[in-house]
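Chemist: Sharing a structure, written as structure tokens. Questions coming.
The values are calculated or read from the model by the stated rules, or taken from the named source; none is laboratory data. What you see is a predicted model, and the numbers here were worked out from it, not measured in a lab. Reconstructed Cβ throughout: ideal geometry from the backbone, glycine too, with neighbour counts over all protein chains shown. To get the accessible areas, we keep the full protein, side chains included, count just its heavy atoms, and leave off ligands, DNA and RNA. Shrake-Rupley method; radii C 1.70, N 1.55, O 1.52, S 1.80 Å.
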Amino acid sequence: MIRFRQEAALSIDEAQGQFSHPYPLGISPVNASYGVVPKFHDHGVTDAVNVSVYAPGLNAVDVVYTDPAGQWRRFPLIENTDGVFHGIVPELRFGARYAFWEGSAELPANGQLLLDPYGRAIVRDHSLGGEDDDAAYVNEYVSSAFDWSGDFAPRVPWRNTVIYEAHVKGLTQLHPDVPEHLRGTYAGLASEAMIAHLKKLGVTTVQLLPIHFHTDEPHLQELGMPNYWGYNTLGFFAPHTEYASADAQATGQQAVQAELKGMIKLLHAAGIEVVLDVVFNHTAEGGQDQPALCWRGLGDKQYYRHGHDGRYLDTTGCGNTLNFTDPAVIRMALDSLRYWVEEYHVDGFRFDLAVSLARDENHHFSPRHPFLVAALADSVLANTKLIAEPWDVSMGGWQTGHFPRGFADWNDRYRDTVRDFWVADRGHLKAGGHGESVARLAGCLAGSRDLFAGSGRGTLASINFVTAHDGFTLRDLVSFDRKHNEANGEQNRDGHNHNRSYNHGVEGHTGDTAIRAERLQTQSNVMATLLMSLGVPMITAGDEMGKTQFGNNNAYCQDNELNWLDWSWDDDQRAMFDTTRRMIRLRNDFMGSQPFTYPVQEEQNYILWFNQHGQPMPEHEWSDNQTRLVQLLMGSTDGKLDGLVIMNGRLDATTVTLPRLEELADFRPSRREITTYELRFATSKINHPEDPDGVHGSRMHREVKREILRATQGDDAVFVPRKGEKYMTGDKIRIEGNSILIFRG
């Protein structure tokens, strides 16, 4: 262990007491008007900084740092204001490495290096390692300088938002059109090829898995595996270095930060928002038996939540829980959020296990918790997207729909309902069993109003998703009945057992064309449902191209081809991408045809439900599990278009009568009467074998032929719908089993 040079006080004690400040925490420049730098000039010191750390568990704190000559120094922070140690430190310049040390500990045998909770960069320093570890975590003091000229936040309205959850590395590690030296990096994510994909797909908002500096848990290190997802934070203000390009890493932390900022700037230029997944519920320090790296050494009782027995109260399942009853912890989280908005221009945050951030002194969830109130009241965060993962693993941990106005919630009830109806129920029906009625699915399509009404929020508070980073991919959801996590080294004990999946007859991947076609249709049903539902859709990166993890539903420790997106697509994958892209475009067209108040001003909106006969759905059919078909008409009185969606969850084809709105006395839109519907999308193969592209003959020829059929067969005529054709209210059309038709009216 290197010995630090002990700085004499240089007669600066008096100056520290007069001029140092407890806030802001971390390192901040000294204002020349304080008169401190001139005092240091008398001792040959040309510059100085204010250093401050909340360390209520220590009696004395020193800062150790490298001076301009690269020598390690140790300097005492002699002022203590309510547990915050602070002082003016000489010659701690940009590029210097530093950490904190228990001031009463002798060097080098006793004491430990502790990171700055507000440190802007974290590196490993091999000159400070002990016998059992050849590198220690320390901070690096970096400048925030960056040319943000020309950058504008896209500020996509919630109603137009389509979220794309992605991993920085996994997104581009195998992309053939991303320059090889940029694959898997911040710069790679902002490459021309990647932005082109995002724009072509039509997503508006990239939600990144954690990019805060994180480490690997001890049990993973023993297995030789990483924490690929990154939910193990060691620094709430520092970006993860390994996601930067090799050139940036070699240049230094300033270049790492510039690359990340450049990524965000380029995505903004393309009109794409950046939302960060942040993990404030626990830290990388793990359980109480693990070494102190930062918060535990600075103030274990204050930073972490404890039970009556003095042990950690773990509401996260990760060994510890940050104590959001302590104002300093709340301040740290808020300061971090503001920092990423002001210094990195990010557009929002998704809060991992957010219930743990809103538990009071009795460990109960409160929607009026000081942290939630402060975040909503903060002017810097006012124009950002705030998304809660509304659960944790402790008592009362499920709080979907209960967060306050201003937050949106991940809607797990939506996830489970859509999986049940389109995936699990298909397996039950194939086996001769029963599925559920369309009632629960209808609630999800309508934006889960009942779930969010109690919190005073509407449909845009629902983040609708069917898959996420945690769990099966969409392709695996329709390809596996059970998880296959053997590669994780835990004998397949990890991960969820109840996935609401269905393998369509064969476990895993198959060359059987019939099974593959059924799987593709089920995936299309799920994606179409997701993108037609009211609320805010979230797509998991790779689902649009049929990504597989070979049945692994907990691939958090797989930094390899199992997680990385494979850009070499087969025909099924191309078809899935086309389906997703077209559905996003349909969603955008529909939203664009509505007034800007849609769907917030609910008194102007309507969503009407019809059975297969085109009549308003009677109450008894909602509760009948044989009712697996529904028609819904959605729009607004001031809109230009309506959307008619027909969903058939039966296995067999069915004849459906399009609704006759003119016969409904209680439905009289002031703007017009709806008399025709134009088919825009179908998840089933609806074209005749002799007309595979649906373009046989001229459009006029097809229309004349259809009118002749109507005239000769009257109301009994049943049409096989084709994309782009128009149908009259009251027409009878054929819808295939397990499929969706979408019209505009």
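Chemist: Which condition number in (1) open to solvent by less than 10 Å² (accessible area, probe 1.4 Å); (2) modelled with pLDDT of 95 or more; (3) in contact with a Lys or Arg (Cβ under 9 Å, 6 or more places away or on another chain); (4) not hydrophobic (A, V, I, L, M, F, W, C) is the one that P90 fails?
Modeler: (2)
Chemist: Another question, then. Please give the number of the condition K430 fails out of (1) crowded, with 18+ Cβ neighbours inside 10 Å; (2) farther than 20 Å from Q302 by Cα; (3) of a type outside the set (F, W, Y).
Modeler: The single condition K430 does not satisfy is (1).
Chemist: Being out of contact with any His (no Cβ under 9 Å at 6 or more places or on another chain) and surrounded by fewer than 23 Cβ atoms within 10 Å (Cβ to Cβ) is the requirement here; does L201 meet it?
Modeler: Details: out of contact with any His (no Cβ under 9 Å at 6 or more places or on another chain): yes; surrounded by fewer than 23 Cβ atoms within 10 Å (Cβ to Cβ): yes.
Yes.
Chemist: Here's another thing I want to ask about it. Could you say whether any residue in the stretch 321-331 is in contact (Cβ under 8 Å) with a residue 40 or more places away in the chain, within 18 Å of L114 (Cβ to Cβ), open to solvent by less than 20 Å² (accessible area, probe 1.4 Å) and assigned to a helix (DSSP H, G or I)?
Modeler: Yes, some residue in the stretch 321-331 is in contact (Cβ under 8 Å) with a residue 40 or more places away in the chain, within 18 Å of L114 (Cβ to Cβ), open to solvent by less than 20 Å² (accessible area, probe 1.4 Å) and assigned to a helix (DSSP H, G or I).
Chemist: Six or more apart or on different chains, Cβ atoms under 8 Å: show the pairs whose first residue is in the stretch 364-375 and more than 15 Å from D326 (Cα to Cα) and whose second is assigned to a helix (DSSP H, G or I) and among the polar types (S, T, N, Q).
Modeler: Cβ pairs passing all conditions: P367/S455.
Chemist: Filter the stretch 492-549 for residues that are open to solvent by 40 Å² or more (accessible area, probe 1.4 Å) and of a type in the set (A, V, I, L, M, F, W, C); which is farthest from the chain's Cα centre (by Cα)?
Modeler: A514
Chemist: Mind counting the residues in the stretch 237-253 that are surrounded by fewer than 20 Cβ atoms within 10 Å (Cβ to Cβ) and not hydrophobic (A, V, I, L, M, F, W, C)? Reasoning before the result, please.
Modeler: From the stretch 237-253, those surrounded by fewer than 20 Cβ atoms within 10 Å (Cβ to Cβ) are 241-242, 246-247, 249-252; that's our starting set.
Keeping just the survivors that are not hydrophobic (A, V, I, L, M, F, W, C) gives 241-242, 247, 249, 251-252.
Of the residues in the stretch 237-253, 6 are surrounded by fewer than 20 Cβ atoms within 10 Å (Cβ to Cβ) and not hydrophobic (A, V, I, L, M, F, W, C).
Chemist: If you don't mind, there's one more thing I want to ask. Please go through the stretch 122-143 and give me each residue that is in a loop (DSSP other than H, G, I, E, B), over 19 Å from E242 (Cα atoms) and either of a type in the set (S, T, N, Q) or at pLDDT 95 or above (or both), ordered by number.
Modeler: S143, the sole residue that qualifies.
Chemist: Under the condition of being hydrophobic (A, V, I, L, M, F, W, C) and open to solvent by less than 40 Å² (accessible area, probe 1.4 Å), which residue from the stretch 554-571 is farthest from E490 (Cα to Cα)?
Modeler: Only one residue tops the list, namely W567.
Chemist: So, in the stretch 611-645, exactly how many residues are more than 21 Å from T459 (Cα to Cα), outside any loop (DSSP other than H, G, I, E, B) and touching a strand residue (DSSP E or B) at 6+ places or on another chain (Cβ under 7 Å)?
Modeler: Of the residues in the stretch 611-645, 2 are more than 21 Å from T459 (Cα to Cα), outside any loop (DSSP other than H, G, I, E, B) and touching a strand residue (DSSP E or B) at 6+ places or on another chain (Cβ under 7 Å).
Chemist: Pairs only if they're at least six apart or on different chains, beta carbon under 7 angstrom, first in the stretch 459-481 and within 26 Å of R449 (Cβ to Cβ), second assigned to a strand (DSSP E or B) and open to solvent by 10 Å² or more (accessible area, probe 1.4 Å); list them, first residue then second.
Modeler: Filtered contacts from the stretch 459-481: T467/T540; A468/T540.
Chemist: Continuing with this model, one more query. Consider the stretch 369-406. How many of its residues are at negative phi, assigned to a loop (DSSP other than H, G, I, E, B) and open to solvent by less than 10 Å² (accessible area, probe 1.4 Å)?
Modeler: 6
Chemist: Where residues in the stretch 25-68 are modelled with pLDDT of 90 or more and open to solvent by 80 Å² or more (accessible area, probe 1.4 Å), which of them is farthest from A136 (Cα to Cα)?
Modeler: P29
Chemist: Can you tell me which residue within the stretch 71-87, out of those that are assigned to a loop (DSSP other than H, G, I, E, B) and within 41 Å of the chain's Cα centre (by Cα), is surrounded by the most Cβ atoms within 10 Å (Cβ to Cβ)?
Modeler: At the first step, the residues of the stretch 71-87 found to be assigned to a loop (DSSP other than H, G, I, E, B) are 71, 78, 82-83.
Cutting the leftovers down to within 41 Å of the chain's Cα centre (by Cα) gives us 82-83.
Details: D82: 9, G83: 16.
Among residues in the stretch 71-87 that are assigned to a loop (DSSP other than H, G, I, E, B) and within 41 Å of the chain's Cα centre (by Cα), the one surrounded by the most Cβ atoms within 10 Å (Cβ to Cβ) is G83.
Chemist: What number goes with the only condition from (1) touching a Lys or Arg at 6+ places or on another chain (Cβ under 8 Å); (2) assigned to a loop (DSSP other than H, G, I, E, B) that P154 does not pass?
Modeler: P154 satisfies every listed condition except (1).
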